[in-house]
Amino acid sequence: MGVIGRILGWFYHRLNLEHLPLYRVPYNYFNLDHWIGAIVAAAFMWLAITGLLLLVYYSPSAPYESSLRIVNEIPFGKILLSSHLYAAHLMIFSAYIHLFRNYFVASYKKPRELLWIIGILAGLLTLNTAFLGYALVGDIVSADAINVGKGVVAGIFGPELGTFINNLVFGTGGEETYTRLLAFHIISAALLGLMFMAHMAVFEAHGPPPDVKEVRWKASINIIRQDRKDLVNWFPHNFIFIIYMTTAVWGILLFLVSLALSAGKLHPLISPVPGPSPVSPEAAEHPPYPPWFFLFMYKVADFVFLTLDKPIVIDLLILKLTIPESPILLPFILSVALPVLYLVLLPFIDTSIERHPLKRPVITIIGALLITYLIQTTVWGALTPGQHVSLELATILMVPPIVIIALGVAILSKIHARSLNNEISAGRAFVSLGIGSIMLAATGFFITISVVRSIFSGATVEDLIAGGLGFAGLLLGMYIIINFGSKSKHTEGFVKANMPESNDPVQEKKVQETEKVSAVLKEARKAEEEIPLSLLIMGTIYLVIILASGFLLANIDPIEKAVAVGALMSSLLISLGGIAHIVHRTLLLPYDPYKGGWKEYKVHALLYFIVFLNYILVSINLLA
Amino acid sequence: MGGVRFKFTRRDFIRFLLAAGVAGVAGSYVVPTTTYLSPRVTQAEEYPRSLLVKSNGEPLKASELQVNKLYLFPYPLKDTMNFLINLGDENDNPVEIPELELPLVMEPIVDISYIMGGSKEIEIPENVQTYKFPGGVGPNKSIVAFNGICQHLGCIYPQLQYTRPGEKTSLPTNPPEIGENGGVIFCRCHGSAYDPYRGAAVLLEPVLKPLPAIVLEWDQETDQLYAVGVVGPVIFGKQCNLCGELVGDKVTVLSEDEYKQQGGAI
Ligand code: FES
């Protein structure tokens, strides 16, 4: 291998990469289902990098002017600021998916309670950082955010503590406000970084939970034994896969940013650039929105029947508590405090060994309702910002989902229970499970629409909300079909590999198995030599894209052609991701010989397609 | 067993792809990052023509300048402070400052040999560009202005100071009179010294370049002074003399005492 090989080898041994004290996972765990958290992490890293770079030009004494200057005058500033914003959106969005994925497959069960709780808290801190971040821009959204933020704090913590916190976070106005917001944005992000490290450290304590199918949806064996034969080393396998995930996520993020920038004026909820100045005439036309991830709370604040119009005095003999009047306290408790409290306590509420959603119907129902309400109030808030909601309207729109979801899940879990008693009919049971969930979603959709129609004839807004509700049901149905309907592939092997060997006959079997494994390995070594030509060709194409994009990037005007710049930067990262995936795939050849076919190529099809779209953006932008 | 067998396997090619890919992407990101980070220098085309005014806003009269006293004013950028001196002899009689051709980089006029009676002439080394120091202006042709940022490592007033003729600097060797007639501009940071009488040419090491000279214009009728340009080396720490925020058409001149009172801020 020559000199380079020896240098790399030196690092490999000095860093002891072969025996890193990190959990090793089976070779077939490298898929999106197990790696959603990596999307969150990649978005967070992008936020940290771009955030530090933005610090160079952001100035709290002229927040709006300096934001506009970054967008309009600094080369690459537009891409940087927009991608910082979009990365925040992506991070929050993927954190929700990460949360609910692990919710439904019960990843929070013993011994991962702490991991789960840190995750929930990190999610809250993410929202906090995001709030402080968009308040910094100095546009109308930011000005509203600061005022509304103060109101919310005062409403939750009462006048005295509220004022204290408000002065602490927002200062007393003017430049001080933005200086403090900037400081707390960075402090909050730094704390989030620490939380992230804690999350990873606790994750490494027990590793990822075994794939549900391997353990037949039980949490009794909840650790991947490190003497399994299908494990791969953290380095290089996980390392390369992290590179693939990170660069691919960054690339897709930059593609979305370029797409949004090329689209011209966008709806303020998704616009990648700062909105109008709070003192400009356009500010009046701007809807009074928070960013989408706070819309849910914004809508619940419109539930006027939740307003406390007089102070409540609770007399507990010795202790006398006075809750001051507040328009926001109950909405906050209902939309944030209670759900968070529930999620934090969840590992101690649901302590059964079941991991299948249909064997924990109550938990599943609550989870589905959380998603539904989150989507419902978000869409609702986007469509009718600031419009009051009466108790009647809230009941009409929010009770049906409870009934539909509860009934649906109850029926599905009955079917599921029967299917397991009779193994032979399992396949058929899953089909009916699929059909059942589609019907569940469809029924939800139509019932809600018709109920709402009959009451408010022609009320399009409510129709849309009903549609959103039905859509949420549909998504849930799809999720159930895709994830819980398919039959276990690895069950037998895993159970054998993980059961403690106790009896002698088993011991004998083990010897046989070891022989089988070494035969497999020999086969595999042969396979390694047989890296398919298709991978080499695809990798070469990626390299060509990298060289071409790098060349173009160095030769176009970064201020005038921001879209092209973003699309090229995206293509670079996407291509590196593609190469990393190829490396990852070839590393797995000893375990999983290359079969080709659609499944093997679908990642690259997606990546090439995004590069293709990127180049369309580049050509449109350069020719314009 | 035998000689070296070189075999480029498919795995090697994959390794090459990864290395080239990482290098290509990292390389392509270097330019955007550095372009983004490098500050936008606004570079003006022309030197501003700035009237020197007193702290009360009235135009400064050349005849009002006290001899052998230090005055400070910013020019051509808001953050480049300059020395304005009406040079005189030991008895505070103004002395006429002649025009002079100076090298951009020079050997110190005074070296250790001077103390033992060495050379005091300015030597223009070969292959070194020169510039013309315009000499003094005003009724006695005795008013000069130099940039007040030391060309060695950038120390400013009060580390860089004007010492009138006859007065002692804090120089350890402290020759009685190292400059010619007009005192000395001395830098306490590392002991460089410039001769204000001869265009702030280098008297003592370690500095290698004279102080840039501010070109002044004297209006005989009104007795007013204008700063109109800079000659000599580029002002220390600046990419160019006009790279940055320019002063306006009036600049305030402060006496040493006023300057100290204002905490150096103008
Ligand atoms: S900075 Fe003036 S002598 Fe070094």
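The values are calculated or read from the model by the stated rules, or taken from the named source; none is laboratory data. All figures in this text were calculated on a predicted structure; none of them were measured in a lab. Note: ideal-geometry Cβ built from the backbone for every residue, glycine included; neighbour counts use all protein chains shown. Side chains are part of the model used for accessible areas, which takes the heavy atoms of the whole protein and leaves out ligands, DNA and RNA. Shrake-Rupley method; radii C 1.70, N 1.55, O 1.52, S 1.80 Å.
Inter-label distance, residue A:388 to residue A:226: 6.3 nm, where each label sits 7 Å from its Cα along the C-beta direction. Our estimate of slack between residue A:191 and residue A:62, defined as 0.36 nm per intervening residue step minus the Cα-Cα distance, is 43.8 nm. Sparse packing (at most 13 other Cβ atoms within 10 Å of the Cβ) combined with a DSSP loop state is found for the following GluC sites (Glu not before Pro) in the range A:2-92: A:73. Normalised by residue number, the volume inside the convex hull of the Cα atoms of the range A:515-623 is 87 Å³ per residue.
Computed from the C-alpha gyration tensor, the three semi-axes of the ellipsoid equivalent to the range A:192-236 are 23, 16, 8 Å, from longest to shortest.
May I ask for the angle, rounded to the nearest 10°, between helix B:10-37 and the longest principal axis of chain B, with both axes built from Cα atoms and the value confined to 0 to 90°? The helix B:10-37 is inclined about 20 degrees to chain B. A full extension of the chain between residue A:233 and residue A:338 corresponds to an added length of 33.7 nm, given 0.36 nm per residue minus the alpha carbon distance.
Averaging Cα coordinates gives a centre for the range A:369-396 and one for the range A:551-597; these two points are 41 Å apart.
Roughly how big is the A-B contact, given as buried accessible area in Å² (both sides, 1.4 Å probe, nearest 100)?
Counting both chains, the buried surface is close to 2600 Å².
Estimated at 0.36 nm per residue, the fully extended path between residue A:410 and residue A:605 surpasses their Cα-Cα distance by 66.2 nm.
Averaged per residue, what accessible surface does the range A:357-420 expose to a 1.4 Å probe, in Å²?
Solvent-accessible surface per residue comes out at 42 Å².
The mean of 1/r over all pairs of different alpha-carbon atoms in the range A:194-275, once inverted, gives a Kirkwood hydrodynamic radius of 16.8 Å.
Remark: spin-label model distance residue B:132-residue A:15 equals 6.4 nm, labels positioned 7 Å along the Cα→Cβ axis. Highest mobility in the GNM of chain B, judged by mean-square fluctuation with C-alpha springs under 10 Å and restricted to B:184, B:137, B:41, is found for B:41. With 40 Å² as the minimum drop in accessible area between chain alone and full protein complex (1.4 Å probe), the qualifying residues in the range B:6-31 are B:10, B:11, B:13, B:14, B:17, B:18, B:25, B:28, B:29. Going by Cα centres, the range B:188-266 and the range A:206-276 are how many Å apart? When both Cα centres are located, 59 Å separates them. For the range B:1-90, GluC sites (Glu not before Pro) are listed when DSSP marks them as loop and at most 13 other Cβ atoms sit within 10 Å of their Cβ; the list is B:45, B:46, B:90. Rolling a 1.4 Å probe over the protein heavy atoms of the range A:515-623, with every protein chain left in place, gives an accessible area that is 70 percent carbon and sulfur.
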